[in-house]
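Just so you know, all these numbers are worked out from the coordinates, no wet-lab data involved. The model shown is predicted, which means the values in this text are computed figures rather than measured ones. FYI the Cβ positions are ideal-geometry reconstructions off the backbone, even for glycines, and counts take in every protein chain you see.
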Amino acid sequence: MQPVIRDSTLREGVELPGICLSLKEKLGIARLLEEANVREMEIGMPYGMKDCIPLAAAIKKEKLKVKTSALILSYRLNWKEEISLASRSKIDRFEVLFPSSDILLKMKSHYKVTKQGLERFIEEKIRFAKRHLAFVGVGFVDSTRTDISFLKKLVATAKLAGADRAIIYDTVGIGTPEKISELIGALKKYSHIPLVIHCHNDFGLASANSIAGIIAGAAGCDVVVNGLGDRGGNASFEQVVVALEELYGVNTGIKLQNIYALAKHVEKITAITQSPVRPIAGDFTFLHSPVQHIYNAASKNTSGFEPFKPELVGAQRKYGFTLPVDYSIALEPFYKRLKIKPDEKHRGIILARLRQKSKRSGLTEQEVLRIIKENT
């Protein structure tokens, strides 16, 4: 069965300082997610139902198939009102969020519950939610710093109360692939409820941890385009999906050829510039500069220095001629394709033009061939 790749760009991704998207801009991202065959997207901001209901209504009005999900915070004084409001909305799925670790539960005045009373607290909230909502999940904040025996009890309690799935949060990104695998495996054996893994990137392991969760049997994982999210971000949509498909043979159902355009659109609309060397969608990801790399790619031996072709994710291969090296060998495949043999003078002119034009952004294969023809 395909894992659920739940996109959280319009929840986690827009919680960053300075990001304020209009309904039109959010709907534009929803359309791109739909086109990429994303089946579910998280839109529920933790500020209340009123913030996400207009988007859900707009998505339904446009007849997009992507399911929407939102959060209900169990410890808010108005939690019943939130559930009542949710029941009248066009949002498809809901998660009731609970603290689970000792670190959070010591804040009794904030979370309105003690560790000893948490199981009953969960049962009450989930049962109430299920009387009003068709699909109710449960989310355990700080799962990876929660005693495993206690977390098992919480998951079992939620399932008995009627929860449809459980979201396992690595809230401060301290999980490791080994720990996530062990945690998901243990919870699956103890309680047969679909599990979704939600990872933060404080140690740079969010994508690896999400993949580990899926391989260990999680029904799905939360991802964010460009890895946006609190502090160091969340699991990257691009990295998780492409790695699952290409390295693990997992069919995610996502249209990979849409990924590059989606990443670039989110980068533009959020005005958060991404690293040019980031995996999958970086400006330099498919830009070849070393002589060996250019020679292999231009000779059509693209697998020599590419793990997959850029076309897979809708990107384009480029060439850079800015290193202080002799590119004579690297240019031979281009000359061969054009069936020309430039003399020494023209070779120098060609290389000078390529250096001048490529700069940091690089040149496409067609641009390289055009520059060579124009200077021969």
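Here the gap between Lys152 and Asn78, fully extended at 0.36 nm per residue and compared with their Cα-Cα distance, gives a gain of 23.9 nm. Separation of the range 194-208 from the range 2-38 is 18 Å, based on Cα centroids.
Direction-averaged projected area, Cα convex hull, the range 1-145: 9.7 nm², rounded to one decimal. Phi angles across the range 163-176 convert, under the Karplus curve 6.51 cos²θ - 1.76 cosθ + 1.60 with θ = phi - 60°, into 3J(HN,Hα) values of 4, 8, 6, 10, 9, 9, 9, 8, 4, 10, x, 9, x, 10 Hz, Gly and Pro given as x. With 0.36 nm allotted per residue and the present C-alpha distance subtracted, the Lys106-Leu16 stretch has 29.7 nm of extension available.
Between Lys357, Lys159, Lys26, the GNM of the chain built on Cα springs shorter than 10 angstrom shows Lys357 fluctuating the most. For Lys345, the lysines whose Cα falls under 16 Å of its own Cα, not counting residues fewer than eight places away in the same chain, are Lys373. Charging the Cβ of each Asp and Glu at -1 and of each Lys and Arg at +1, and nothing else, the dipole of the chain about its Cα centre rounds to 740 debye. Here are some pairs, Lys112/Lys159; Lys50/Lys188; Lys189/Lys255; Lys115/Lys179; Lys108/Lys152; Lys24/Lys357; which of them have Cα atoms lying more than 29 Å apart in this structure? Result: Lys50/Lys188; Lys189/Lys255; Lys24/Lys357 exceed 29 Å. Result for the chain in a Gaussian network model with C-alpha springs under 10 Å: among Asp230, Asp170, Asp51, the largest mean-square fluctuation is at Asp51.
In the range 4-270, taking the dipole from charged Cβ atoms about the Cα centre, the farthest positive-side position among Gly204, Val14, Leu55 is held by Leu55.
For the range 118-152, the residues whose backbone nitrogen is under 20 Å from a point 7 Å from the Cα of Glu178, taken along Cα to Cβ, are 144-149. If R0 is taken as 35 Å, the Cβ-Cβ distance between His132 and Lys63 corresponds to a FRET efficiency of 0.85. Projecting the Cα atoms of Ile148, Met107, Val313 onto the charge dipole of the chain, computed from C-beta unit charges around the Cα centre, puts Val313 farthest toward the positive end. Using just its DSSP H runs of length 4 or more, each adding -39500 (n - 2.57), the chain gives a mean residue ellipticity at 222 nm of -12500 deg cm²/dmol after division by all residues. Largest GNM mean-square fluctuation across Gly139, Gly233, Gly28, computed for the chain with C-alpha springs under 10 Å, falls on Gly28.
Beta bridges from DSSP with both residues in the range 4-270: antiparallel share about 5 percent, rounded to the nearest 5. Net charge dipole, the range 254-376: roughly 260 debye, given to the nearest 20, about the Cα centre with Cβ charges of +1 for Lys and Arg and -1 for Asp and Glu. For a paramagnetic label modelled on Glu311 (point 7 Å from Cα along Cα→Cβ), amide N atoms under 17 Å away belong, within the range 351-376, to 364-367.
The Cα center of the range 133-156 and the Cα center of the range 343-376 differ in position by 59 Å.
For the range 287-374, the C-alpha radius of gyration sits at 1.03 times the compact-globule guess of 2.2 N^0.38 Å, with N the residue count. In straight-distance terms, cross-link reach from Lys268 covers every one of the aspartates and glutamates whose alpha-carbon lies under 12 Å from its own, apart from those fewer than eight places away in the same chain; here that gives Glu25. Distances between placed amide hydrogens fall under 5 Å for Ser74 paired with Leu97, all partners being 5 or more residues away or on another chain. Calculate the tail of P(r) for the chain: the fraction of all Cα-Cα distances greater than 30 Å, expressed in %. So the pairs more than 30 Å apart make up 46 percent of the total in the chain.
In a reduced charge model with +1 at each Lys and Arg Cβ and -1 at each Asp and Glu Cβ, the range 205-268 shows a dipole moment near 140 debye about its Cα centre. Only one residue of Ser69, Pro333, Ser275 has its Cα farthest out toward the positive end of the dipole of the chain, where Lys and Arg carry +1 and Asp and Glu -1 on Cβ, and that residue is Ser69.
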